[in-house]
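Below is one structure, written out as structure tokens; the observations come after it.
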Amino acid sequence: MTTPVCTSASAAAAPGRQTSLYPTFAAYVRARQPVLLRTARSLTANPNDAEDLLQTALAKTYVAWERIEDHRALDGYVRRALVNTRTSQWRKRRVDEFVCEELPEPEPLPLGEDPAERQALRDAMWRAVLRLPARQRAMVVLRYYEDLSEAQTAELLGVSVGTVKSAVSRALCKLREDPELAPAR
């Protein structure tokens, strides 16, 4: 006598489907939200806009959840949704700002570090990055803030590796020449 095995409907419907690290969409969001929010914050200057951007990308991911074959590639799917959504926003050039009553908690500083200097450097760097053209900015964010390889960045943006190399090189030259980032003399 054999004992019947109980399987989920989605597992029975898709026998070739990879075993998911995240059994539900909610489990995925709980596990990956901090990393994905960091990516969203890298793409926009306003933290509130970053949260909205992430929420939009996650909504698109939720709609496609059942169609995504390999749940190990979810981060790439969400990053692509973030970049595409942000690109659409750039094209619309519409400005909507909403008041937020709660501010995010600041991260703790290492002992002996001057918070004013650290913030001034961070602000100067972000202003310099935001002055880059949108395409170069996206590539710099993915390469250096998300620590993706040139090949991963190229695949995510749908361009060649050579395009990523040349665009990032031009962006870094612009950042090196930025007067706000010049070392104090």
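The values are calculated or read from the model by the stated rules, or taken from the named source; none is laboratory data. Quick caveat: nothing in here was measured; it's all calculated off a predicted structure. A quick note on method: Cβ atoms are made from the backbone with ideal geometry, for glycine too, and the neighbour counts reach across all protein chains shown. Only protein heavy atoms, including side chains, enter the accessible area calculation; ligands, DNA and RNA are left aside. Shrake-Rupley method; radii C 1.70, N 1.55, O 1.52, S 1.80 Å.
Of everything in segment 145-166, what is under 12 Å from the mean Cα position of the chain (by Cα), part of a helix (DSSP H, G or I) and more than 11 Å from Arg79 (Cα to Cα)? Give them in sequence order.
The one that is under 12 Å from the mean Cα position of the chain (by Cα), part of a helix (DSSP H, G or I) and more than 11 Å from Arg79 (Cα to Cα): Tyr145.
Just to check your reading of the model, which residue among Leu181, Leu172 is at pLDDT 90 or above, in contact with a helix residue (DSSP H, G or I) (Cβ under 8 Å, 6 or more places away or on another chain) and within 27 Å of Ala120 (Cβ to Cβ)? Spell out the reasoning first.
Working: Leu181 fails: at pLDDT 90 or above.
On inspection, the qualifying residue turns out to be Leu172.
Assess whether Ala45 counts as being open to solvent by 30 Å² or more (accessible area, probe 1.4 Å), out of contact with any strand residue (DSSP E or B) (no Cβ under 8 Å at 6 or more places or on another chain) and under 19 Å from Tyr144 (Cβ atoms). Spell out how you get there, then give the answer.
Values: open to solvent by 30 Å² or more (accessible area, probe 1.4 Å): yes; out of contact with any strand residue (DSSP E or B) (no Cβ under 8 Å at 6 or more places or on another chain): yes; under 19 Å from Tyr144 (Cβ atoms): yes.
When the stated conditions are applied, Ala45 passes them.
Look through segment 48-73, keep the residues that are among the acidic types (Asp, Glu) and in a helix (DSSP H, G or I), and return whichever of them is most open to solvent (accessible area, probe 1.4 Å). Break it down stepwise before answering.
Quick first cut of segment 48-73, residues among the acidic types (Asp, Glu) only: 49, 51-52, 66, 69-70.
From what's left, in a helix (DSSP H, G or I): 49, 51-52, 66.
Values: Asp49: 52, Glu51: 81, Asp52: 70, Glu66: 118 Å².
Ranking the qualifying residues of segment 48-73, first place goes to Glu66.
Which residue is surrounded by the fewest Cβ atoms within 10 Å (Cβ to Cβ), if the candidates are limited to segment 20-42 and must be closer than 19 Å to Glu146 by Cβ and of a type in the set (D, E, K, R)?
Looking at residues that are closer than 19 Å to Glu146 by Cβ and of a type in the set (D, E, K, R), I get Arg38.
Tell me yes or no: at least one residue of segment 141-153 is under 16 Å from Arg127 (Cα atoms), of a type outside the set (Phe, Trp, Tyr) and in contact (Cβ under 8 Å) with a residue 40 or more places away in the chain.
Yes - at least one qualifying residue is present in segment 141-153.
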